[in-house]
Amino acid sequence: MLHMSRVFPQFRIPFLLSLLHLVFSGAVPAVSYAQGSSHHHDHSSMSMPMDDATDPQAQARLLADKKESEFNHHLAGVFVVLAGLFVLTGERLKNRWPSIKYAWPLCFLFSGIFVLVFSDTELWPFGPKNWWVGVTGNVEVLQHKTFAVILLALGIIEILRAKGTLKAVWSAWIFPVLAAAGSVMLLFHAHDAGMHGPDAMNTMEHIQMQHFSYAALGVGIAVTKGVADTETSLSRISGYVWPTLMVILGFVLARYTE
């Protein structure tokens, strides 16, 4: 870990600036577009008849949904990349900055809060639909909120472990179990964004393949994090592998397209 952290300070600032520019270059138009159409932004409307594909209002709604979804994935990618980098550099920086041990769990916590609040802007307070109707009436919305709860749980548990409040042996397995569960959920993630237009099948295949890659990386992270937290001969190398996989996952998320 030390040899990586000696290199890291040389490119840390331009690297993070480039990453943030990659994601936030589309943030303003995505958010403004989504907010401007929040009164009719509804995932359930994406399974529209093909005749509506030429309707300007329907096209505007679909474009807003696309921009919003892509931005959400991109921002989540930034949090995941930062979490991985904080883990990789934490050992070197812990003496100068003891609080760095909380940095990567906070990335999960902030990501969970963002997904919980902003993942579906047809819900209150951005749209007219109340949360109960949205969560119980749309599988995609329910899955988004479930992912948010998983991220929040991971962030809280790992903060408590870093603080020393939670010392039970079983607590080390919460991350691998929840990460694996979330990864498996990605294989069945409902995504209505591609259910329209003449290229609907190609779009859905493109979206599904991206989510399959997230699931594969997520399972890898879950397994190697579990091994890293156990006393085995593979613990040391796994301690490098799982945050490296997180950085890779973050970059993949930051390149998400529909």
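A few comments on the model shown:
- Residues of segment 149-167 that turn out to be farther than 14 Å from residue 103 by Cα, surrounded by fewer than 16 Cβ atoms within 10 Å (Cβ to Cβ) and touching a residue at least 12 places away in the same chain (Cβ under 8 Å), as a count: 1
- Filter pass, residue 71 being closer than 15 Å to residue 158 by Cα and crowded, with 18+ Cβ neighbours inside 10 Å: no
- Contact annotation: residue pairs with Cβ atoms under 6 Å, 6 or more positions apart or on different chains, pairing a residue in segment 101-126 that is of a type in the set (Ser, Thr, Tyr) with a partner that is part of a loop (DSSP other than H, G, I, E, B) and surrounded by fewer than 22 Cβ atoms within 10 Å (Cβ to Cβ), are 121/38; 121/127.
- Pair list, Cβ under 7 Å, 6 or more apart: segment 237-258 residue closer than 12 Å to residue 227 by Cβ and of a type in the set (Val, Ile, Thr), other residue part of a helix (DSSP H, G or I) and modelled with pLDDT of 95 or more: 241/224
- Only residues that are surrounded by fewer than 18 Cβ atoms within 10 Å (Cβ to Cβ) and in a loop (DSSP other than H, G, I, E, B) were counted across segment 117-136, and they come to 5.
The values are calculated or read from the model by the stated rules, or taken from the named source; none is laboratory data. None of these values were measured; they are calculated from a predicted model. Positions of Cβ are backbone-derived with ideal geometry, glycine not excepted, and every protein chain shown enters the neighbour counts.
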